[in-house]
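Below is one structure, written out as structure tokens, with a few remarks after it.
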Amino acid sequence: MSATGASAYRLGLMACHTCGKLARPAPGAHEGWCPRCGASMHFRKPNSITRTWALLIASVILYIPANVLPVMESSSILGSQTDTIMSGVVYLWVSGSWPLAIVVFVASVVVPLAKIIALAFLNTSVQMRSTWQPVQRTRLYRVVELVGRWSMLDIYVIALLVALVQLKAVATINAGPAALAFAAVVVLTMVAAMSFDPRLIWDPLENNDGRAHA
Ligand SMILES: [Zn+2]
């Protein structure tokens, strides 16, 4: 018995993403429609590697303005002030609210960057048809997906931060352009994680049966 067992893919079967039915495509056809619910069926997510790269590159590009541009602009009688995520973290740290400084730093700098690096690593390994540590790589993907569900936490943290500052100061506070870039980074990494097909991790471990991979 092989380490991975028989997969539906190797048996020429594909599972419907909508209703879960296992079906065999028409002879000669590579893909088709579910005979039960009519949804389109694929052996693997179409163009998964290319799509994941495109979304990751876009999120890397937007990660720069998210961290460099002001995330909030406050103005009072004393003058106006703009804060980036990092200057906000430094302000919180210096003013003694270091637990909040750590939360903001982890949620808005560390987590998005770690997600981008993890997905880039997974996508590279799949593209190179690596057979290295598939269980660990699958686990890593599961963590990225789990974090993705909590990603909006980053946005809540910023909202909380704005609210806290607003309570302290008699000033007008607006979200800066970085907030928009930051929200885009969160959404793009979430979609990138969704477009990655973890089954591709296991495909190179199957006996080479000559099938073309999507
Ligand atoms: Zn179906």
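The values are calculated or read from the model by the stated rules, or taken from the named source; none is laboratory data. The structure presented is a predicted model; accordingly, all values stated were derived computationally and were not measured. Cβ coordinates were reconstructed from backbone atoms using ideal geometry, including for glycine residues, and neighbour counts include every protein chain displayed. For accessibility, only protein heavy atoms count, side chains too; no ligands or nucleic acids. Shrake-Rupley method; radii C 1.70, N 1.55, O 1.52, S 1.80 Å.
Return the only residue of Val89, Val68, Val94, Val103 being at negative phi and open to solvent by less than 30 Å² (accessible area, probe 1.4 Å). First the steps, then the outcome.
Details: Val68 fails: open to solvent by less than 30 Å² (accessible area, probe 1.4 Å); Val94 fails: open to solvent by less than 30 Å² (accessible area, probe 1.4 Å); Val103 fails: open to solvent by less than 30 Å² (accessible area, probe 1.4 Å).
Step by step, each of Val89, Val68, Val94, Val103 is checked, and only Val89 is at negative phi and open to solvent by less than 30 Å² (accessible area, probe 1.4 Å).
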Q) Residues of the range 8-29 being modelled with pLDDT under 85 and within 10 Å of the ligand (Cβ to nearest atom), which ones? A) His17
Q. Give me the pairs: first residue in the range 7-29 and at positive phi, second residue surrounded by 13 or more Cβ atoms within 10 Å (Cβ to Cβ), beta-carbon distance under 8 Å, and six or more apart or on different chains, which are they?
A. Gly12/Arg24; Gly12/Pro25
Q) How many residues are out of contact with any Cys (no Cβ under 9 Å at 6 or more places or on another chain) and farther than 30 Å from Ile85 by Cβ if we restrict to the range 39-64? A) 9
Q.
Looking at the range 30-60 only, could you name the residues that are modelled with pLDDT under 85 and more than 16 Å from the ligand (Cβ to nearest atom)?
A. His30
